[in-house]
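The values are calculated or read from the model by the stated rules, or taken from the named source; none is laboratory data. A quick note: this is a predicted structure, and the numbers were derived from the prediction, not measured. FYI the Cβ positions are ideal-geometry reconstructions off the backbone, even for glycines, and counts take in every protein chain you see. The accessibility values were calculated without ligands, DNA or RNA, using every heavy atom of the protein model including side chains. Shrake-Rupley method; radii C 1.70, N 1.55, O 1.52, S 1.80 Å.
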Amino acid sequence: MPYVEGQTIHDADSHIMELPGTLNPYVAPKFRDRFIELAGPKALLPEWSAKFEAKQDDPEFRAGDEANLLLRKNYEALGAFRSADRPKALDHFGFASQLVFTTACLSNFGLEQMGEVELALETARAHNRMMTEFCSVDRRLLATGYVPLVDRQKAPQIAREAIEMGAKALVIASRHPPGFSPSHVELDPLWALAQEAGLPILFHVGGEEKMAKAYLENGLPYVKDFHGGDENFTSLTFMTIPLSIWQTLSALVIDGVFDRFPRLKWGAIELGASWLPSLMQFLDSGTAAFGKEERLQKLSGRPSEILRRQFRATPYPHENARWIIENSGEEMCLFSSDFPHVEGGRNPLKRFNDSLQGVSDQARRAFFRDNFIDLMGKGLDLALHDIPSLQAA
């Protein structure tokens with residue numbers, strides 16, 4: 001029996017788990033050595049990779065695939081790094097579709113911040129080749145393509161290439177590019193391209209500005225995160241996740257990007273959503289306080305109304321999804337599993353259902369189905385809007 005039965009659910013966040021060196025063959029040969037030097041693993045750890053490959057080949061281990069669908073995480077999960085296995089995982093889940101993101105490349109390896117512009121662009125192209133190839137095995141798998149904004153003239157070209165390869169959504173960093181705003185008018189051709197293609201622009205955790213290291217120097221022992229590493233992801237560093245997206249969305253709305261491209265949808269994935277009602281209220285308050293600014297007088301409505309029209313977000317399963325929906329809007333939030341990452345938990349459907357107790361049937365349907373369809377636009381084949389059994393019914 002699939003995890004989901006009797007309803008259509010779209011999964012707005014899932015990942016592949018690249019084994020060390022997975023991206024290397026996708027990087028153009030003339031850039032490959034430099035990429036490995038700056039961004040690739042210093043050692044490919046063949047024995048480590050072989051251990052997980054051997055486990056996936058073990059018939060006894062594979063016999064427990066369905067029973068352990070949400071218990072096996074990261075490299076042990078079904079379809080984590082082998083594309084041929086991912087449709088089986090989707091069958092066991094029963095999701096109508098699944099957006100698929102990288103794990104290793106979420107920050108584009110920091111190359112943009114290093115000033116390695118040319119390498120950053122090629123690495124993004126390599127990522128897009130890898131993602132679209134992985135997802136090509138099943139149309140329910142919706143590949144995401146990354147577009148660095150660091151080169152304003154080349155960004156539309158990289159986006160066009162990603163779309164032609166099969167990307168169903170375009171990802172940009174939530175932090176600003178070095179030296180200018182994501183609302184810069186020279187990026188308008190990128191937004192125009194996405195709007196014409198009917199594909200959303202997405203932000204994903206990993207592309208934000210991290211907490212300043214000074215905050216970690218508190219005179220106490222470093223706190224290990226739940227992955228076992230030092231100061232990678234803890235209760236304190238978690239608090240910076242909304243800061244970049246808050247600033248970027250503010251710039252995009254206030255500087256008129258949302259209004260110049262009113263059919264373009266935007267989404268924040270795995271960035272939480274408890275901050276969203278506050279941002280909407282703060283933007284409304286700020287634009288009222290500075291209402292004499294000419295750019296604010298040109299806005300098509302209050303910022304909160306503009307965001308309701310064009311923006312969507314995925315709450316974490318530990319957030320109060322009902323509170324977020326009631327204080328932002330029924331059209332704003334999306335379901336996500338974060339499969340196969342540990343952070344997604346062992347039963348995201350139950351946790352979200354528990355959190356949604358008391359919302360209307362319409363709001364619940366919007367959370368699990370309708371808002372995703374609205375976000376994805378032409379990136380989601382009409383035949384995938386509902387699972388076949390429900391379509392037949």
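A few notes on this one:
- Overall dimensions of the chain as given by Cα atoms, namely Rg and Dmax in Å: 20.7, 69
- Alpha-carbon gyration tensor eigenvalues x 5, square-rooted, for the range 44-140, Å: 29, 17, 11
- Whole-Hz Karplus values for the range 323-330 come out as 4, 4, 4, 5, 9, 10, x, 5 Hz, taken residue by residue from phi with 6.51 cos²θ - 1.76 cosθ + 1.60 and θ = phi - 60°; glycine and proline positions read x.
- Taking the square roots of 5 times each eigenvalue of the Cα gyration tensor of the range 165-210, largest first, gives ellipsoid semi-axes of 20, 15, 7 Å.
- A straight Cα-to-Cα reach below 16 Å connects residue 213 with the lysines 224, residues fewer than 8 places away in its own chain not being considered.
- Set of lysines near residue 265 by C-alpha distance (under 22 Å), chain-local residues within fewer than 8 positions excluded: 154, 168, 298, 378
- The share of alpha-carbon pairs in the range 264-393 lying farther apart than 23 Å comes to 40%.
- Straight-line cross-link partners of residue 73 among the lysines, defined as a Cα under 16 Å from its Cα and at least 8 positions apart when in the same chain: 51, 55, 88.
- Distances between placed amide hydrogens fall under 5 Å for residue 146 paired with 128, 171, all partners being 5 or more residues away or on another chain.
- In this structure residue 323 has an accessible area near 110 Å², from a 1.4 Å probe over the protein heavy atoms.
- Net charge over other residues, Cβ less than 15 angstrom from the Cβ of residue 107 (K, R count +1; D, E count -1): -4
- Alpha-carbon centroid distance for the pair the range 47-81 / the range 149-214, whole angstrom: 34 Å
- From the C-alpha gyration tensor of the range 127-231, square roots of 5λ in Å: 32, 20, 9
- The radius of gyration of the Cα set in the range 204-311, together with its Dmax, comes out at 17.2, 52 angstrom.
- Distance histogram for the range 307-350 (every C-alpha pair counted, 10 angstrom bins, percent rounded to whole numbers): 28, 49, 22, 1
- Of the trypsin sites (Lys or Arg not before Pro) in the range 322-359, those whose Cβ has at most 14 other Cβ within 10 Å and which sit in DSSP loop: 346
- Value of [θ]222 nm, deg cm²/dmol, for the chain, DSSP H segments ≥ 4, -39500 (n - 2.57) each, nearest 500: -11000 deg cm²/dmol
- Diffusion coefficient, µm² s⁻¹, Stokes-Einstein with Kirkwood Rh over alpha-carbon pairs of the range 245-289 at 4 °C and 1.567 mPa s: 114 µm²/s
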